[in-house]
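Notes for the one structure printed next.
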Amino acid sequence: QVRLVESGGGLVQPGESLRLSCAASGTSFNRWTMGWYRQAPGNLRELVAAITPDGRTTYADSVKGRFTISRDNAKNTVYLQMNSLKPDDTAVYSCHPWLTADWGQGTQVTVSS
């Protein structure tokens, strides 16, 4: 079982930025595709962005051009840089290694004026 710890969430105003981090335990991090997901109240969890072990990325259409996913395999950490935040980005953000059953506890992002 992988332990995942997200951090970096908070309350920001529209247009501001946040950087989320997800630190993973274990020695297999550099073999996983890592995904950032979010879930807003009343909504299904959705994939925001993902990054393969060699750095290829994919994004949800709603965040393209505003969010950037990256990883540091030496630190077992994946990041999500979120710029130009909108109220619709408000959700709990969680990281998840693909092909595992493990999830972090999530970090709340609230975008409100």
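The values are calculated or read from the model by the stated rules, or taken from the named source; none is laboratory data. This is a predicted model, so every value here is computed, not measured. Neighbour counts are summed over all protein chains in view; Cβ atoms, including those assigned to glycine, are modelled from backbone coordinates with ideal geometry. Side chains included, ligands, DNA and RNA excluded: accessible areas come from the protein's heavy atoms. Shrake-Rupley method; radii C 1.70, N 1.55, O 1.52, S 1.80 Å.
As a summary of the residue check, Gln81 satisfies the conditions (1) modelled with pLDDT of 95 or more; (2) more than 13 Å from the chain's Cα centre (by Cα) except for the one numbered (2). Only one entry of Pro53, Pro14 meets the criterion of being without any contact (Cβ under 8 Å) to a residue 40 or more places away in the chain, open to solvent by less than 80 Å² (accessible area, probe 1.4 Å) and in contact with a helix residue (DSSP H, G or I) (Cβ under 7 Å, 6 or more places away or on another chain), and that entry is Pro53.
Looking at Asp72, Asp61, just one residue is open to solvent by less than 70 Å² (accessible area, probe 1.4 Å), more than 15 Å from Leu18 (Cα to Cα) and out of contact with any Ser or Thr (no Cβ under 8 Å at 6 or more places or on another chain), and that residue is Asp72. So, in the stretch 22-39, of the ones that are open to solvent by less than 30 Å² (accessible area, probe 1.4 Å) and more than 14 Å from the chain's Cα centre (by Cα), which residue ends up modelled with the lowest pLDDT? This residue is Ser28. Put simply, of Val109, Val92, Val48 the only residue that is open to solvent by less than 60 Å² (accessible area, probe 1.4 Å), touching a helix residue (DSSP H, G or I) at 6+ places or on another chain (Cβ under 7 Å) and in contact (Cβ under 8 Å) with a residue 40 or more places away in the chain is Val109.
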